[in-house]
Structure formats: C-alpha cells, structure tokens
Amino acid sequence: MIPCIAGRTDNEAGANVLSQTATLGSVVPAAWSFMLAARARGIGTAWTTLHLMHEKAIADLLGIPYDDFMQVALIPMAYTKGTNFKPAYRPPVETVMHVDAW
Ligand SMILES: Cc1cc2nc3c(=O)[nH]c(=O)nc-3n(C[C@H](O)[C@H](O)[C@H](O)COP(=O)(O)O)c2cc1C
C-alpha cells in the first residue's frame with residue numbers, strides 16, 4: 001500500500017517546515033491508522049520509504065500522477081505467521097521525552 005498526498009513538498013515555491021509538516025501530517029496519521037486496522041485483522045505491515053529513491057519510476061509504473069501527488073511510504077502487507085510477537089526495543093522514555101521544557 002502506497003499512501004499518497006496531493007501536492008509535493010519538493011517543488012513548492014517557498015516550501016518551508018510548516019508546509020512540509022502540514023502536508024505529511026495530513027497523510028501519515030491515516031496511513032498509521034491503516035496499519036493498526038490491518039494488524040487487528042491479522043495482517044502485519046512495516047513502514048518503508050527507501051523506494052522513494054525511485055519515486056518517479058514507481059509513479060510511472062503505477063500510473064500515479066507524479067507532478068500532483070507525492071508518495072510518502074510503501075507499506076508491505078502480509079498475514080503474519082502466528083501472533084507470537086514481542087515488544088521491539090525502545091530507548092527509555094526519559095531519554096526521549098521532555099516535560100514543560102527541553
Ligand atoms: C520513516 C521510516 C522509514 C523506514 N523505511 C524503511 C525502509 O525503507 N525499509 C525497511 O526495511 N525498513 C524501513 N523502516 C523500518 C521499518 O518500518 C520498521 O520500523 C522496523 O522494521 C522496526 O520495526 P519496529 O518499529 O516494530 O521496531 C522505516 C522506518 C521509518 C520510521
């Protein structure tokens with residue numbers, strides 16, 4: 001599944017952090033919700049972006065209108081072999097979260 005968003009952040013005149021994050025923030029939560037919904041149905045997913053090195057070629061292959069729509073990820077999907085998962089490593093929360101000030 002390739003989530004796409006109307007517009008591009010790489011050729012906007014005057015592109016800035018606000019427009020970039022607003023554009024990505026308008027599609028990433030939906031894609032994440034899709035991943036959670038898939039998980040609830042026994043389908044595993046992973047967020048990947050490396051294919052974007054060849055975004056134009058993929059757009060041409062799939063008929064995605066490259067000038068008007070930006071691909072933001074490529075999410076492979078497959079039924080998992082069982083559900084015996086374990087938590088992924090995450091650094092301790094106090095090393096990445098700040099309260100009231102950085
Ligand atoms: C922004 C982003 C881009 C990623 N791109 C790729 C990718 O192109 N190929 C890949 O194998 N994993 C990629 N990953 C990693 C996997 O989606 C996944 O996060 C990783 O397997 C770790 O799994 P976990 O989040 O359950 O610990 C990316 C992760 C993030 C956050």
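The values are calculated or read from the model by the stated rules, or taken from the named source; none is laboratory data. Please read these numbers as outputs of a predicted model, since none were measured by experiment. FYI the Cβ positions are ideal-geometry reconstructions off the backbone, even for glycines, and counts take in every protein chain you see. When the accessible area is computed, the model is the full protein with side chains, heavy atoms only, and any ligands, DNA or RNA have been set aside. Shrake-Rupley method; radii C 1.70, N 1.55, O 1.52, S 1.80 Å.
Among the residues making up segment 46-88, those that are within 12 Å of the ligand (Cβ to nearest atom) and modelled with pLDDT under 95 are Phe85, Lys86, Pro87, Ala88. Taking the residues in segment 23-33 that are in a helix (DSSP H, G or I) and aliphatic (A, V, I, L, M) as candidates, determine which candidate is least open to solvent (accessible area, probe 1.4 Å). Selected residue: Ala31.
Across segment 34-83, the number of residues qualifying as in a strand (DSSP E or B) and either open to solvent by less than 30 Å² (accessible area, probe 1.4 Å) or not aromatic (Phe, Trp, Tyr) (or both) comes to 9. Give me the residue from segment 11-33 that is away from the ligand (no atom under 14 Å from the Cβ) and touching a strand residue (DSSP E or B) at 6+ places or on another chain (Cβ under 8 Å) and, out of that set, modelled with the lowest pLDDT. Here the residue is Thr23.
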